[in-house]
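The values are calculated or read from the model by the stated rules, or taken from the named source; none is laboratory data. Here the structure is a predicted model, which is why all the values come from computation and not from measurement. Positions of Cβ are generated from backbone atoms using ideal geometry, with glycine treated the same way; all protein chains shown enter the neighbour counts.
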Amino acid sequence: MKNLILPILSLSVINSYSAQKPNVIVILADDLGYGDVSAYGSQTIKTPNIDRLAKGGVSFSNGYATSATSTPSRYALLTGMYPWKNKNARILAGDAPLLIDTTQFTFPKMMKNAGYSTAAIGKWHLGMGNGKPDWNKTIKPGANEVGFDYSCLIAATVDRVPTVYIENGNVVGLDSKDPIYVNYVKNFEGEPTALSNPEILKMQWSHGHNNSIVNGIPRIGFVKGGKSAQWKDEDMANYFVEKVKRFLIKNKQHPFFLYYGLHEPHVPRVPYSDFVGKSGMGPRGDAILEADWCVGKLIENLEKLHLLKNTIIIFSSDNGPVLDDGYKDQAVELLGKHEPSGGLRGGKYSLYDAGTHVPFFFYWEGVVNSKKSNAIVSQLDIMPSLAKLLNLKIPSTLDGKEMLNTFLGKDEKGRHELILEASGRLALRKDNWIMIPPYQGPITNESGNELGNLKEFGLFNIKSDKKQRENVALKNQSKLIQMKKIFFSTTEGYYNPNTKEEKLK
C-alpha cells in the first residue's frame, strides 16, 4: 500500500509548492567536466556541496549542454533554442554585441512574466551593447534588457578584457578621471603586454593569451585605464557569493529566479588563498574546490533564510573540461589519476561525448527524492519543463522539450535525440548512439583536446563503448542510415563539412 500512496502524496506536495511558486536557481559552472565532481564516483577530488545537490535530488548520468564551448551553450540555456541556428552564437570577444535579441523569448522573461524577481550574477559571455560599447557609460542592451531585473556580471570570460564587474549595465567602481578603453584588434600605445613586458607576469601564458596584463596575468584583448574598477582575481568568488546573498535577502519574501554563473574552473585559475594547494592538483583542482565552496555558501544562505525547502536548484556546466587552456598552471603535470572527463572521450571544443556530456543535477528538497537517472536531458529542456510546472505558455518553436516528470524523478522518459555542437560542427546523439559526420580540420587543438574531426562518418555505441574507441559505422549500416536521416533532416542548411574550430579571439 505504501508504494501506491507515495506517488499521490508526492503529487499533492508538488501542487502545494507550485501554488507557492518555488524559487528557481540555475547554477552553471565553467569548464567543469563530468568527472570533476565526486558525485559521479571520482575518488581524486571531493565536492561535498555539489554532491549534496546530486545525492538529495535527481542525478543525471546523461545530462547535456548543447555545445562544447561557453557562449553557444549559455545562449541555448537562456533561450531554449539550438545555438547553431544563430550564426553569431560562437565564442564571443569581450566587446561583442548582445547575442540574444531583445525581442526574443527568454528564460528570465518567462519567469518575470510569472511574477518572479530575476537576477543574473557571475559569468555572462553573451555580449553587451551593440558592439564595441563605451564602457564609461551605461551599456545597453544587456542582461537587463532580456529579462533580468538585476545583473552583476563579468562581460565575457576571466581571461578576456575588460576585467571589471558590470552591475545593471554600469562598470563598478570606475573613476571618471581614468576612463576605460577596450580594443580587440590593436594595443594602446605604451600599454604593456605579455610579449613586450614578460618580466611583470606572475602567470605565464602557453597559447592565445599574450595581450594586456591585468594583476600580473596576460589576457585576451587590449585594455587601457579603468584601474580603480579592475577586479582582483582571487577575490571574485567572494564578491559574487556576497552579491548572491544580498539578492536572496532582498527577495526572501518574493519568488525569485537566479542565474548564477560560476567562473570556475575556467582559466586563469586564481582561487582565493584558502583553497590554494588544497586539491593537490594545482590551480585547476583548487578552483574546483572553490566552486564547491560557492555552492555550499548558497545552500547555507538559503537555509539561514528558511528558503531551501521551496527552492529548486539546478546545477550543471556550460561544457566539458580542458586542462591547458592558455596558461602554464601545471593542470596537466599535476593531474595524477584524476579524469576530468569521467572516462568519456574528448572535452571542451570537442564533438566527442565529453565536450557536452556534463554534470547535471535537479534538487528540490522535500519534493524530489534522491534518484540516479539514465534519462537523456539537455539544458534546453529546463525552461519548458519549468513552464509546465508553473502552468506558463511558451512558444511552440522552442527546441527544448518539456520533461517535468523526468526532472522530478517520476519517470525516465528523457530525450531520444539531441543535436550536439562544437565550434559550429554538429553531431547527433540518439538513444545510446552518437553519430559524428565528417569534418575537415586538425585532430587536436592547442589545448590538446581531441576535436572529433573525422574523415568519414563515425558511429559509436556509448553504452557499450563510452570511451568511443570503436567506430562501428561499417558494421551497422542500417543504424548509420537511420542516424543520417535524422541528422540531415534536423540540421538542413546548417551542416558544413569545412567548418573548423574557432580561434580563441
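General remarks:
- Qualifying positions in segment 40-60 - touching a helix residue (DSSP H, G or I) at 6+ places or on another chain (Cβ under 7 Å) and either modelled with pLDDT under 95 or closer than 17 Å to residue 337 by Cα (or both): 45, 46, 47
- Checking the stated criteria, residue 211 turns out to be buried (at least 21 other Cβ atoms within 10 Å of the Cβ) and farther than 30 Å from residue 313 by Cβ.
- Take the conditions (1) in contact (Cβ under 8 Å) with a residue 60 or more places away in the chain; (2) under 21 Å from residue 209 (Cβ atoms); residue 311 misses just one of them, which is (2).
- Selection within segment 91-139: residues that are among the aromatic types (Phe, Trp, Tyr) and touching a strand residue (DSSP E or B) at 6+ places or on another chain (Cβ under 7 Å). The member of this set that is nearest to residue 180 (Cα to Cα) is 135.
- Considering residues of segment 214-236 that are touching a Pro at 6+ places or on another chain (Cβ under 7 Å) and closer than 18 Å to residue 269 by Cβ only, the residue surrounded by the fewest Cβ atoms within 10 Å (Cβ to Cβ): 234
- Residue in segment 492-504 that is surrounded by fewer than 17 Cβ atoms within 10 Å (Cβ to Cβ), without any contact (Cβ under 8 Å) to a residue 12 or more places away in the chain and of a type in the set (Gly, Ala, Ser) present: yes
- Selected residue (only one of 191, 264, 242 is among the acidic types (Asp, Glu) and more than 26 Å from the chain's Cα centre (by Cα)): 191
- Any chance residue 95 is assigned by TED's automatic domain parsing to the domain that holds residue 220, of a type in the set (D, E, K, R) and in contact with a Phe, Trp or Tyr (Cβ under 8 Å, 6 or more places away or on another chain): yes
- Per the listing 446, 456, the residue uniquely under 20 Å from residue 498 (Cα atoms), assigned to a loop (DSSP other than H, G, I, E, B) and modelled with pLDDT under 95 is 446.
- Qualifying residue in segment 386-394 (condition: part of a loop (DSSP other than H, G, I, E, B), surrounded by fewer than 24 Cβ atoms within 10 Å (Cβ to Cβ), at pLDDT 95 or above and at positive phi): yes
- There is no residue in segment 471-491 that is surrounded by 16 or more Cβ atoms within 10 Å (Cβ to Cβ), in contact (Cβ under 8 Å) with a residue 40 or more places away in the chain, assigned to a loop (DSSP other than H, G, I, E, B) and of a type outside the set (Val, Ile, Thr).
- A search for C-beta distances below 7 Å between a residue of segment 167-190 that is under 17 Å from residue 94 (Cα atoms) and any residue that is buried (at least 17 other Cβ atoms within 10 Å of the Cβ) and among the basic types (Lys, Arg), counting only pairs 6+ apart in sequence or on different chains, returns 181/224; 188/224.
- Between 429, 415, the distinction of being part of a loop (DSSP other than H, G, I, E, B) and surrounded by 19 or more Cβ atoms within 10 Å (Cβ to Cβ) belongs to 415 only.
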